[in-house]
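So the structure is just underneath, and the comments pick up after that.
The values are calculated or read from the model by the stated rules, or taken from the named source; none is laboratory data. In this text the structure is predicted, and so the values were computed from the model without any measurement. In this analysis, Cβ positions are derived from the backbone assuming ideal geometry, glycine residues included, and neighbour counts consider all displayed protein chains. In case anyone asks, the SASA skips ligands and DNA or RNA and just uses the protein heavy atoms, side chains included. Shrake-Rupley method; radii C 1.70, N 1.55, O 1.52, S 1.80 Å.
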Amino acid sequence: MPKPELKLVGVETQTSAVSLKGFQAWFGETCVVQDMTLELPANGVTCIVGPSGSGKSTLLRGLNRINEDISGYAMKGQVLIQDSCAKDGFKDITELRAKVGMVFQRPCVFPCSIKDNVLFGVKNKRLSKLERAALVEESLKSAALWKEVAHRLDSPASTLSLGQQQRLCIARTLAVKPDILLLDEPTASVDPTSARALETLIKNLKDDYTIIMVTHDIRQTRRIADNVLFLCDGQVIEMGSTDHMFSKTAKPKTKTYLSEEFCDC
Amino acid sequence: MLSRTVKNTLFASALRIALFISLAILIFLIGAILLEGFKALSPSFIVSEARDFGAAGGIRYQLLGSLILIIVAAVLVVPFALGTALYRSEYVTSEKLGRCIDLTIFSLNGIPSITYGLFGLIVFVNILGMGVSWLIGSILLAIMILPTVTVSTHQAMRAIPNIYRESALALGLTRAEMVRKVILPQSLHGLVTGLLIGLARAIGETAPIMFVATAFSGVTWPQSIYEPVSTLPTHILALAQQATNPDALRNAWGASLSLIIIVMILSGLAFIARRKLEPQRSM
Ligand SMILES: Nc1ncnc2c1ncn2[C@@H]1O[C@H](COP(=O)(O)OP(=O)(O)OP(=O)(O)O)[C@@H](O)[C@H]1O
Ligand SMILES: [Mg+2]
């Protein structure tokens with residue numbers, strides 16, 4: 001029996017950036033994301049929360065199809081990115097991934113200079129030197145890293161602090177000009193101060209990008225999320241505006257989880 | 001019953017004696033080669049032609065012959081080793097096929113070098129009807145060191161954390177672009193190190209090349225690929241067979257020392273390459 005489509009509770013209808021229709025994800029014989037049908041609004045921050053192993057990363061990694069290289073992985077159903085099917089609505093998978101950028105939990109800079117890291121995914125060979133420099137500056141400024149690295153763009157990226165490295169990862173994703181940003185626990189491996197800096201950055205980016213972010217930090221969710229998607233065991237328990245989820249929800253599971261009490265769902 | 005202290009002391013002395021014996025052998029060997037080798041080795045020994053079947057003159061064409069063989073072998077082995085390692089590391093998804101490839105490469109490494117010589121004789125001379133050729137020697141040496149170079153390259157590729165691949169793909173790079181921008185730069189040190197170690201071994205080999213690629217004397221710079229070369233190891237072999245002639249023996253030591261110096265240079269370069277080319281990864 002197909003499930004009814006999940007609508008955001010407490011939010012006016014908005015244009016959707018991502019919509020899932022009967023989305024399922026499998027690893028071998030195990031179904032880790034079960035039959036999801038939902039729409040995520042354009043712009044703003046949507047936080048995906050839920051206990052460990054509930055399928056948050058799998059869901060996120062289904063959106064840019066980065067899971068497809070893992071043997072044993074299979075998906076069913078439809079993923080629509082801005083109304084184009086992720087499977088065949090784009091010229092090829094690289095175009096999809098340019099539209100839907102992703103930043104991982106652990107900052108992963110390439111062993112080259114800061115500048116080359118920013119330009120790593122930029123394929124336009126006709127860009128002049130000047131245009132490249134401008135793109136580097138623009139991306140680093142958007143990622144709130146420009147002031148710290150402007151004087152040493154040519155030094156190895158590995159000399160940056162972890163928090164700076166994570167902002168560099170965001171900068172290099174922005175340089176490809178995506179519309180949607182997928183962040184998988186972006187603050188989990190940096191110190192609290194850097195985490196706060198990243199939060200501010202994410203808040204500043206949310207007017208220009210649709211940000212979908214996995215986090216374990218409930219307080220962080222409260223601080224930066226516009227909408228919250230609560231997953232448990234591969235199923236959506238509830239989805240709604242931050243205000244609704246934290247104070248108006250009637251579902252006991254959501255209440256327990258978001259009040260940071262022990263949740264055995 | 002011996003007390004524990006006595007046992008420990010005995011054990012420690014045994015270790016010390018073992019260490020002493022192995023060191024003594026090593027020092028004796030190196031000392032003998034240096035002592036005897038330097039009697040012959042001089043700039044003119046290196047640049048002058050061999051005369052009297054090597055008992056007089058130097059090792060000019062033997063040195064050149066050896067260098068031609070390994071340089072061409074290097075050029076031949078790189079594309080195959082790199083291709084195999086890349087395919088194994090980035091394109092094989094089936095666990096089974098991967099293990100098959102590993103096993104094949106592993107067993108290839110265990111083949112005695114004389115077998116390669118025999119293989120060359122049968123395939124190139126008997127079946128393909130080619131005569132003696134230095135190029136066949138290079139091909140055989142390339143085949144012989146293929147496993148070493150492949151394994152070293154593959155190990156470097158396997159050591160690249162998966163997150164680097166995913167990060168590059170997530171930026172919209174194609175698989176080929178990812179390989180070129182992520183995998184190749186971060187595994188170059190494995191390729192270069194493996195190649196240098198392979199060549200260090202290849203240059204000292206006599207067995208794979210002696211039937212098909214070399215002549216013992218009277219050879220100069222090859223005019224075409226259908227000519228043999230003379231090499232240092234075969235030259236040493238020829239000289240050692242005239243052991244009653246002290247001049248020949250002296251030159252044999254000189255040639256050995258030259259060979260060892262080349263091997264040491266190659267190994268030293270491998271050591272440097274490993275350290276200098278290794279990527280500065282942050283994780
Ligand atoms: N490569 C894989 N192979 C097999 N099973 C996997 C793989 N990746 C994830 N899984 C399984 O899929 C389920 C969901 O995993 P997922 O990583 O999406 O959880 P998560 O919600 O992101 O957890 P966490 O909060 O710990 O990151 C888990 O049961 C996990 O064991
Ligand atoms: Mg996860």
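Anything in the range B:107-140 that is touching a residue at least 40 places away in the same chain (Cβ under 8 Å), over 30 Å from residue B:223 (Cβ atoms) and surrounded by 12 or more Cβ atoms within 10 Å (Cβ to Cβ)? List them, or say none. Result: B:109, single match.
One line per residue, one yes/no per condition, for (1) under 27 Å from residue A:81 (Cβ atoms); (2) modelled with pLDDT under 95:
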residue: A:99; (1), (2): yes, yes
residue: A:103; (1), (2): yes, no
residue: A:106; (1), (2): yes, yes
residue: A:109; (1), (2): yes, no
residue: A:115; (1), (2): no, no
residue: A:120; (1), (2): yes, no
residue: A:124; (1), (2): yes, yes
residue: A:134; (1), (2): no, no
residue: A:139; (1), (2): yes, no
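Taking each residue of the range B:184-196 that is within 14 Å of another protein chain (Cβ to nearest Cβ) and more than 12 Å from residue B:81 (Cβ to Cβ) and looking for partners that are of a type in the set (Val, Ile, Thr) and not in a helix (DSSP H, G or I) with beta-carbon atoms closer than 6 Å, six or more apart or interchain, yields B:186/B:160.
Only one entry in A:155, A:161, A:142 is more than 10 Å from chain B (Cβ to nearest Cβ), open to solvent by 20 Å² or more (accessible area, probe 1.4 Å), within 14 Å of residue A:113 (Cβ to Cβ) and polar (S, T, N, Q), namely A:155.
Residues in the range A:216-236 that are within 10 Å of ligand 1 (Cβ to nearest atom) and within 19 Å of residue A:39 (Cα to Cα) were compared, and the one that is surrounded by the most Cβ atoms within 10 Å (Cβ to Cβ) is A:231. Beta carbons closer than 8 Å, at least 6 apart along the sequence or on distinct chains, pair a first residue in the range A:56-79 that is touching a residue at least 12 places away in the same chain (Cβ under 8 Å) and away from chain B (no Cβ under 14 Å) with a second that is of a type in the set (D, E, K, R) and within 13 Å of ligand 2 (Cβ to nearest atom) for A:56/A:184. Among residues of the range B:82-96 being within 12 Å of chain A (Cβ to nearest Cβ) and not aromatic (Phe, Trp, Tyr), the one that is most open to solvent (accessible area, probe 1.4 Å) is B:96.
Inspect the range A:2-16 for any residue being among the charged types (D, E, K, R), away from ligand 1 (no atom under 13 Å from the Cβ) and modelled with pLDDT of 90 or more and give the result as yes or no. Before you say what the answer is, go through the steps one by one.
Initial filter on the range A:2-16 (among the charged types (D, E, K, R)): A:3, A:5, A:7, A:12.
Those still in the list that are away from ligand 1 (no atom under 13 Å from the Cβ) too: A:3, A:5, A:7, A:12.
Subset that is modelled with pLDDT of 90 or more: none.
No: the range A:2-16 contains no residue that is among the charged types (D, E, K, R), away from ligand 1 (no atom under 13 Å from the Cβ) and modelled with pLDDT of 90 or more.
Checking every residue in the range B:182-189 against the condition of being among the hydrophobic types (A, V, I, L, M, F, W, C), crowded, with 20+ Cβ neighbours inside 10 Å and under 30 Å from residue A:86 (Cβ atoms) gives at least one match. With respect to the conditions (1) away from ligand 2 (no atom under 16 Å from the Cβ); (2) open to solvent by 30 Å² or more (accessible area, probe 1.4 Å); (3) at negative phi, residue A:177 falls short on a single one, namely (3).
Scanning the range A:148-204 for residues that are basic (Lys, Arg) and touching a Pro at 6+ places or on another chain (Cβ under 9 Å) gives a single hit, A:167.
Here residue A:81 passes the criteria (1) away from ligand 2 (no atom under 16 Å from the Cβ); (2) among the aliphatic types (A, V, I, L, M); (3) more than 16 Å from the chain's Cα centre (by Cα) except the one numbered (3).
Taking the criterion of being more than 9 Å from every other protein chain (Cβ to nearest Cβ), of a type outside the set (Lys, Arg) and touching a helix residue (DSSP H, G or I) at 6+ places or on another chain (Cβ under 6 Å), the residues of the range A:97-139 that qualify are A:114, A:117, A:118, A:136, A:139. Restricting attention to the range A:57-106, the residues that are under 24 Å from residue A:175 (Cβ atoms), assigned to a strand (DSSP E or B) and within 16 Å of ligand 1 (Cβ to nearest atom) add up to 2. For the range A:168-181, a residue qualifies if it is assigned to a loop (DSSP other than H, G, I, E, B) and within 12 Å of another protein chain (Cβ to nearest Cβ), and the qualifying residues are A:175, A:176, A:177, A:178. Within the range A:182-189, does at least one residue satisfy the condition of being crowded, with 22+ Cβ neighbours inside 10 Å, within 16 Å of ligand 2 (Cβ to nearest atom) and of a type in the set (Val, Ile, Thr)? There is at least one residue in the range A:182-189 that is crowded, with 22+ Cβ neighbours inside 10 Å, within 16 Å of ligand 2 (Cβ to nearest atom) and of a type in the set (Val, Ile, Thr).
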